[in-house]
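The values are calculated or read from the model by the stated rules, or taken from the named source; none is laboratory data. Keep in mind the model is a prediction, meaning the values are calculated, not measured. Cβ placement follows ideal geometry from the backbone for every residue including glycine, while neighbour counts extend to all protein chains displayed.
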Amino acid sequence: MQPRALFLILALLTLILSSCESGDTTSQLIFTPLEDWQSYAIVRPDDADAVTVNAAVSLRKAIGDALGAAPSLDTDWVKRGAEPPSGTPEILVGATNRAESSAYMLKMNDYVIAYESGRIVLTGGCGEAVQAAVDWFAANCLTAEGISLPSEPYIVRGEYPLEGLTVGGVPLGEYTIDFSPVLVGGEDTAESLRRQIGSLTGQLPGDGASEHTIVLKNDPALGIFESRVTLDHGTLTLAVNGGSVGIEAAAEQLLALLEKNGSAPIEALEDSMKHEQENFHSADGAQVAAWRAQTDARIEAIRSASNMDIPTDAAVYYVSPDGDDTNDGRSPEAAWRTLEKLNGTTIPAGSYVCFERGGFWRGQLKAKAGVTYTAYGEGEKPVFTTSPEDGAGAEKWQKTDAEGVWQYYKAFDLDVGTLIFDGGEEWAIKVVIDVIGGVSTDNTNKVPFEDYHDLDGDLNFFMQDGILYIRSDKNPGERFDTIEFNVKEHGISVGGNNITIDNLCLLYVGAHGISAGSVSGLTVQNCELGWIGGVIQTVNKQENGDYHTVRYGNAIQIWGGCDGYTVTDCYIYQCYDTGITPQWMFTTAQQENKSPTDYSMKNIHFAGNVIEYCMYSIEYFLSNVPEGNASHIENYVIEDNHMWYAGYGLSEQRYNPGAASHIKGGGAATGYIVRNNWMILSKNMITLVSGGVNEERGLTMPTLENNLIAQTVGGRYGVLTGGDAGTRPFDLAVVDYLGELNQGNQFWFVEK
């Protein structure tokens, strides 16, 4: 049984009306009408928890529904040094600072309804007990004629089976609970354990370290599915390995030991346990190698995908590195040569544009509405890059006055996101500047940085006034055989609806590999996209002169709404930001004006892809939707993809490298299915999904089925949040979510 479920059962049992201090039952109580109920205000603690706040709100509504006039609702706040008022007609909800609220010694699940010194007291030992007091008051004290109160305080006492338990000579309820911040799931488990101990003993343990503490900690010496509970010199320790699975199980282990012991004093405790975890497995190097072999085979299949079948009656245009722009382009023998010729020619919708395999083009391809872009011939996929030239060659680099720093022989018109050496054997780390507290600072590592003289890491580079400076112990042009530049340009700019991009390869692109605005019918298939992004997108300035620099670069992006967005059988790797993404965020002005523009994202299908070494394998968001706007996500399927190494590679130079995940998303999505995917290893977490609530469609969360999810020992599986379903912020909560709603997901631990 999970601690959440155990707590609910205990709370239910202890809140039963087990006894009244007056000895009366509800039917035997004498009620006295409150003559001036109209003058009363509801007062709650200024620092009340959410349950108590809701209790006060529900009381106001109940009085309004019963009597036709709702009292005012206020907090007990007073100015510093001032005394709380006395004698004012108030209904006190919870532990207010009024003396009447503390007149009763209440344990966790006790509650009271009383009339003291002209005030109505509705309070309890915890928020849920306060709500129980409010519910009793509403059911028994409100009539259409007014408010009647029991003539004697009505007190309900809970039952606490371990009320007298001492551990190491100290009552269990007097312990505090502390957890290591690096312990995954520790904060949630600590709060759950705290409340359960309160239900068993009547006392809520405090937070943080003290002389007598329950410590939740990580112990790498334990097995993956092992936990240990020990008592030593006033410290109760719950230890697990990494917390990815075991910390809640360890809390259950402690509670089981306590309940088995009963109220007899505990002077010593040491217990280890192996936990059975359904659908959890331990992956050794051989297992990971087997997975990798299957993924590599899929990559090879994508790279060797055959040419598509073109209808015999279709208009076809050909482009070849051996072509001539004076040709008509209508046959392989009369092919065009350049992208400039293709981009400047009107291509009718329904046409096919075929690029010769083995060809290589520099520049941007402008895709036109209704046209399919694909490959012909034999050999490797045609390659496109926005890199303006190969930077290899000693003559292209000059020494500067800074030790070990070289500059390129000419200035760049566009920002450069990174440099790729020898086809990806190595790559450069871009230094961009933030200003923090008036100090010029390296965006990534947050150390002071002024200009190229401060470059101190091999292959770190900096741009100033278009000049590129790089740190290298040797002339870069001699050191490497090829040097390509990710300049600030999209590889393929999508210029309309119903476009298909098939069997092309995009490399060394500084902005997005394929970029579209609001569009319908975009299909990308059998393509390879690698070494994407890293250029500066914006510089966000503050009034005090500080600023933060934002870089970007996704392999395939739609910025806006879409209907029909398909990416299948593609190999995507080494992206500064995201592999595949649809996204839109309404501006503040659009929110204020309640923009009617519909940016819905419908009929999205990402399948059969291999995505690796990206900050996010797949990202989506539809955010800040104005009130009444119809924008939503509908029919969104992510299936049969192999996703590896989120947050590693090129993306490690981001300002927030710890934010990585394989699926990151936000927005109300219906028909949202994530199935049959491999999500293997992330520098941060596997999933980071916020479903939210849509007024018309209700709670919108993904269905997850038959996914293989592998993370390092001690790593995080991820986050799922869902509006009214609450936040489940740590790993085991995600596992619970999968177990409750779906079948067939497998979880693996991988040794680092």
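Identification of strands (runs of 3 or more DSSP E) wholly contained in region 356-435 with 3 or more residues that are on the phi < 0 side of the Ramachandran plot and not charged (D, E, K, R) yields 372-376, 383-385, 405-408, 416-421. Of the set (1) among the small types (Gly, Ala, Ser); (2) under 31 Å from the mean Cα position of the chain (by Cα); (3) surrounded by 12 or more Cβ atoms within 10 Å (Cβ to Cβ), all apply to Ala301 but (2).
Total residues in region 456-513 satisfying the condition of being assigned to a loop (DSSP other than H, G, I, E, B) and basic (Lys, Arg): the figure is 2. Filtering region 292-315 to residues that are in a helix (DSSP H, G or I) and among the polar types (S, T, N, Q) leaves Gln294, Thr295. Summed over region 469-503, the residues that are surrounded by fewer than 23 Cβ atoms within 10 Å (Cβ to Cβ) and aliphatic (A, V, I, L, M) give a count of 1.
Condition check ((1) modelled with pLDDT of 95 or more; (2) surrounded by 15 or more Cβ atoms within 10 Å (Cβ to Cβ)) across all residues:
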{"site": "Asn540", "(1), (2)": "no, no"}
{"site": "Gly545", "(1), (2)": "no, no"}
{"site": "Tyr552", "(1), (2)": "yes, yes"}
{"site": "Tyr571", "(1), (2)": "yes, yes"}
{"site": "Tyr576", "(1), (2)": "yes, yes"}
{"site": "Gln583", "(1), (2)": "yes, yes"}
{"site": "Phe586", "(1), (2)": "no, yes"}
{"site": "Lys602", "(1), (2)": "yes, yes"}
{"site": "Gly608", "(1), (2)": "yes, yes"}
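Per-residue answers, yes or no, for (1) modelled with pLDDT of 95 or more; (2) not aromatic (Phe, Trp, Tyr):
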site: Ala82; (1), (2): no, yes
site: Gly87; (1), (2): no, yes
site: Ile91; (1), (2): yes, yes
site: Ser102; (1), (2): no, yes
site: Met105; (1), (2): no, yes
site: Tyr111; (1), (2): yes, no
site: Glu116; (1), (2): no, yes
site: Ile120; (1), (2): yes, yes
site: Ala129; (1), (2): yes, yes
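Among the residues of region 316-340, those identified as part of a loop (DSSP other than H, G, I, E, B) and over 46 Å from the mean Cα position of the chain (by Cα) are Asp322, Gly323, Asp324, Asp325, Thr326, Asn327, Asp328, Gly329, Arg330, Ser331, Ala335. Restricting attention to region 127-180, the residues that are aromatic (Phe, Trp, Tyr) and more than 30 Å from Gly208 (Cβ to Cβ) add up to 3. For Leu529, indicate whether it is closer than 16 Å to Ser387 by Cβ and either assigned to a strand (DSSP E or B) or charged (D, E, K, R) (or both). Against the criterion (closer than 16 Å to Ser387 by Cβ and either assigned to a strand (DSSP E or B) or charged (D, E, K, R) (or both)), Leu529 qualifies. The criterion of being closer than 20 Å to Arg654 by Cβ, surrounded by 15 or more Cβ atoms within 10 Å (Cβ to Cβ), within 32 Å of the chain's Cα centre (by Cα) and of a type in the set (A, V, I, L, M, F, W, C) does not hold for Val447. Restricting region 320-353 to residues that are in contact (Cβ under 8 Å) with a residue 40 or more places away in the chain and out of contact with any Gly (no Cβ under 7 Å at 6 or more places or on another chain) leaves a set whose member that is farthest from Leu506 (Cα to Cα) is Pro332. Considering region 105-133, the residues that are within 21 Å of Thr88 (Cα to Cα), among the aliphatic types (A, V, I, L, M) and out of contact with any Gly (no Cβ under 9 Å at 6 or more places or on another chain) include one that is surrounded by the most Cβ atoms within 10 Å (Cβ to Cβ), namely Val121. Against the conditions (1) touching a His at 6+ places or on another chain (Cβ under 7 Å); (2) over 20 Å from Lys381 (Cα atoms), Asn327 satisfies every one except (1). Within region 632-672, the set of residues being surrounded by fewer than 20 Cβ atoms within 10 Å (Cβ to Cβ), assigned to a strand (DSSP E or B) and modelled with pLDDT under 90 comprises Gly666, Thr670, Gly671. In summary, Ala139 fulfils each of the numbered conditions (1) surrounded by fewer than 23 Cβ atoms within 10 Å (Cβ to Cβ); (2) without any contact (Cβ under 8 Å) to a residue 40 or more places away in the chain; (3) touching a Lys or Arg at 6+ places or on another chain (Cβ under 8 Å) with the single exception of condition (3). Pairing each residue of region 525-536 that is more than 19 Å from Thr549 (Cβ to Cβ) with any residue that is charged (D, E, K, R) and in a loop (DSSP other than H, G, I, E, B), provided the two are 6+ apart or on different chains, yields C-beta distances under 9 Å for Gln525/Asp569; Asn526/Lys381; Asn526/Asp569; Cys527/Lys381; Cys527/Asp569; Glu528/Lys381.
For region 79-100, give me the residue count where each residue is exposed (fewer than 13 other Cβ atoms within 10 Å of the Cβ), on the phi < 0 side of the Ramachandran plot and not aliphatic (A, V, I, L, M). Of the residues in that region, 5 qualify. Residue count for region 167-201 under the criterion of being closer than 18 Å to Ile266 by Cα and small (Gly, Ala, Ser): the result is 4. Only one of the listed residues (Asp65, Asp76, Asp46, Asp36) is more than 27 Å from Glu159 (Cβ to Cβ), loosely packed, with under 14 Cβ neighbours inside 10 Å and touching a Ser or Thr at 6+ places or on another chain (Cβ under 6 Å). That residue is Asp46. Checking every residue in region 395-411 against the condition of being under 37 Å from the mean Cα position of the chain (by Cα) and surrounded by 20 or more Cβ atoms within 10 Å (Cβ to Cβ) gives zero matches.
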